[in-house]
Amino acid sequence: MGFVKLHRELSNWEWADSPNHLSVFINLLLRVNYQPKTWRGIEVNAGEVITGRKKIAEWTGIKESTVFRVLKDLETCGELNIKKTNKYSIISMVKWSQFQLDEQQENNKRTTNEQQMNTTKERKERKERKEYINTSENPTERIDYEFYSNCWNTLTVNILPQVTRMTDARKRALKILIRNTGSQDFKPEFESLVKKVLESDFLSGKNSAWHATFDWCLKSANYTKIIEGNYKNKNGSNAGANDLDAFMKGEL
């Protein structure tokens, strides 16, 4: 592990103004295990280190007698737990997990979130691939996309927006529409559809600010309404306004 956390609360610590106590504490923090290990058959847990006064004196440049007093102070105030033998001491930092394991938990949580995001992304990509495969053309059902764009542009020129490019999204929408109609030859039906759009003052934008587009007409629900005559012209000067009002309310 390449780093440790130094909490801001350390500045309010009761020994914060003592260089010796601060030095010993931070040096121990840097050297305790961040995960359980075994040393010469002895289990040394996370937050623990096997050391002694002489070694700590070497780390800090503090006299051994001062290190002894500092360790005693830190043990008394509950910062350290010291198990002594005739050869070494196992020093445990009592609050190590409180300030250090949180970081590991955050890393674990971040890793879990990233994995979940990756899984969601993979599912979305699989779904898109599946949809693409389902709407891909089989050799036996080729669609002349150029015909449909040319048909629309020729009949609606100077009246409705032109189709400048048959995008993949438009191709998929057209293919789905053709499948939903069950038509064996959709070309005449599409031409009839465009003519019905032009015959409707509402759809062609003659009596309202709104008008139909190529993409809008490719939606199965809209196609059905057009074919069934939902947008036929009505008598009356306010027909366009009434149609728009009904359209916005979802009645058309």
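FYI, it's all coordinate maths here, none of it is from the lab. These figures come from a predicted structure and were not determined experimentally. Every residue, glycine among them, receives a Cβ derived from its backbone with ideal geometry; neighbour counts consider all protein chains shown.
Couple of notes before you dig in:
- Listed peptides 18-24, 226-232 by packing density, highest first (mean Cβ within 10 Å): 18-24, 226-232
- Cα centroid separation - the range 8-39 against the range 155-175, whole Å: 70
- From least to most packed, judged by other beta carbons within 10 angstrom and beginning with the fewest, H211, H7 follow the order H7, H211.
- Fewest-first ranking of S192, S208, S200, S11, using other Cβ atoms within 10 Å as the exposure measure: S11, S192, S208, S200
- 11 Å beta-carbon shell around L29, net charge (K/R +1, D/E -1): +2
- Note on K175: lysines with a C-alpha under 21 Å away, same-chain residues under 8 apart excluded, are K127, K130, K187, K195, K196, K219, K225.
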